[in-house]
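The values are calculated or read from the model by the stated rules, or taken from the named source; none is laboratory data. Keep in mind the model is a prediction, meaning the values are calculated, not measured. So basically every Cβ, Gly included, is an ideal-geometry build from the backbone, and we count neighbours across all protein chains shown.
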Amino acid sequence: MEFSKSVQPLDKLSFIRALPKAELHLHLEGSVGIETLVELAAKHSLELPLHDKPEDLLRFADLGEFLQVYDLVCRSMQDVDDFIQVTYEMLQRCADHGARYVEFFFSPHAHTGIDYPLMLQAIRDGMQAAHADFDITSRVIPAHSRELGAPAGMAFLEQVLANRCDEVIGIGLDYQERPYPPDPFQEMYRLARKAGLQTTAHAGEDGPAAYVRSALDTLGCPRIDHGYHIVDDPRLIADCRARGIWFTCCPTTTLYTTQWRDLSSAAHPIRQMLAAGLNVTLNTDDPGLFRTNLSQEYAVLDLPPEQLARLALNSLEAAWLDEALKKHWRDEWQQEISRLFSRLAA
Ligand SMILES: [Zn+2]
């Protein structure tokens, strides 16, 4: 009798899940699932709005409604253990869906009762524990809420620079976009870059294409979070393509926070951006609150496996990693992807 190890063929979802990927647009607080939110709220005697079922809390009509729940999560994360737990659980779920590397945001201003150095140390502890247990590498991007304005942004940056460590790789800009254009944050971004930090900003999610232009030219970002309204400006599309600008797109959240609510439509901006040959990456944004994961974000657009593999490799190119490590991983990922293709069921 012959005992040979048979290799199981992969269905498309298993193929997607196994693809080595980088997650580049994820908010730590938005990664919290409803169970953890209920647990932390109870721990800190924080009242959650009454609903028949806790998960009913996660129904949002727009970005504003979402941000109210996001704020609840922030207020429920108060001590060192909370930050370690949330960071660890987030990275565990990323690893479970094929992420090998994660750059994630967090919102320092939104947490009460814990100061920045303590918060950051707890996040780093969670990152180290996840690295040891799941072999996942990660970096953190403190993000400033644009709603707080530019002077507060300078104080934010001072705090970030006063607590520099290898894990803090750059800064971001988020929260309600449309009433808060990027221009006032020019100086904050200039100083961040001068100090050696990478820069990105949420732009063109529900704000106009002009905000994407400002994030590129005034703030100097080589990478844009979302960017969807770029589709309203063909010249800007051509410019971004020529300059190799990266976009961290998040399919599921567009269904809640933008005017485009049909992912199957050719008019959906992510499809238009892909068709225009822009450098797109796929990400989760707020996987806990929107009940998604990285595999699902790759699956929802229903793209052919070859394109999904290219998007997975794109995510590595867009990552803020040094070139030597990138090259090493590129070779490794390409070999892995070839093996996955050989197992993909017809
Ligand atoms: Zn985001």
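Data overview
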item	result
Filter pass, THR284 being of a type in the set (Val, Ile, Thr) and either modelled with pLDDT of 95 or more or farther than 23 Å from CYS94 by Cβ (or both)	yes
Odd one out for ASP52, checked against (1) acidic (Asp, Glu); (2) under 30 Å from ASP206 (Cα atoms); (3) at pLDDT below 95	(2)
Members of the range 189-218 that are surrounded by fewer than 23 Cβ atoms within 10 Å (Cβ to Cβ), within 16 Å of the ligand (Cβ to nearest atom) and free of Cβ contacts under 8 Å to residues at least 60 places away in the same chain	THR199
Close pairs from the range 120-137: first under 11 Å from GLN85 (Cα atoms), partner among the small types (Gly, Ala, Ser), Cβ under 6 Å, at least 6 apart	MET127/SER138
Meets criteria (within 20 Å of the chain's Cα centre (by Cα) and surrounded by fewer than 21 Cβ atoms within 10 Å (Cβ to Cβ)) for ARG330	no
The range 244-257, residues that are more than 20 Å from GLY172 (Cα to Cα) and within 12 Å of the ligand (Cβ to nearest atom)	THR252, TYR256
Qualifying residue in the range 74-84 (condition: among the hydroxyl-bearing types (Ser, Thr, Tyr), at pLDDT 95 or above and in contact with a His (Cβ under 8 Å, 6 or more places away or on another chain))	yes
Within the range 317-335, tally of residues that are more than 18 Å from GLU23 (Cα to Cα) and in contact (Cβ under 8 Å) with a residue 60 or more places away in the chain	0
Residue among GLU65, GLU29, GLU89 that is within 16 Å of the chain's Cα centre (by Cα), acidic (Asp, Glu) and either within 22 Å of TYR175 (Cα to Cα) or within 16 Å of the ligand (Cβ to nearest atom) (or both)	GLU29
Residue in the range 304-320 that is touching an Asp or Glu at 6+ places or on another chain (Cβ under 9 Å), modelled with pLDDT of 95 or more, over 18 Å from ILE245 (Cβ atoms) and within 16 Å of the ligand (Cβ to nearest atom) present	no
Criterion violated by VAL73 - all others in (1) within 30 Å of ARG178 (Cα to Cα); (2) assigned to a helix (DSSP H, G or I); (3) β-branched (Val, Ile, Thr); (4) without any contact (Cβ under 8 Å) to a residue 40 or more places away in the chain satisfied	(4)
Residue match in the range 129-151 (condition: among the polar types (S, T, N, Q) and assigned to a helix (DSSP H, G or I))	no
Of all residues in the range 219-259 being at pLDDT below 95 and surrounded by fewer than 21 Cβ atoms within 10 Å (Cβ to Cβ), the one that is farthest from THR292 (Cα to Cα)	GLN259
Residue tally, condition assigned to a loop (DSSP other than H, G, I, E, B) and closer than 12 Å to CYS249 by Cα, over the range 269-285	3
Unique match (being more than 12 Å from the ligand (Cβ to nearest atom) and either among the β-branched types (Val, Ile, Thr) or assigned to a loop (DSSP other than H, G, I, E, B) (or both)) among ARG291, ARG241	ARG291
Residue match in the range 256-263 (condition: among the polar types (S, T, N, Q) and within 17 Å of ASP225 (Cβ to Cβ))	yes
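Listed here are the residues, each with its yes/no results for (1) free of Cβ contacts under 8 Å to residues at least 40 places away in the same chain; (2) assigned to a strand (DSSP E or B); (3) within 16 Å of the ligand (Cβ to nearest atom); (4) out of contact with any Ser or Thr (no Cβ under 8 Å at 6 or more places or on another chain).
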residue	(1), (2), (3), (4)
VAL7	no, no, no, yes
HIS25	no, yes, yes, no
GLU39	yes, no, no, yes
ALA95	no, no, no, yes
PHE105	no, yes, yes, yes
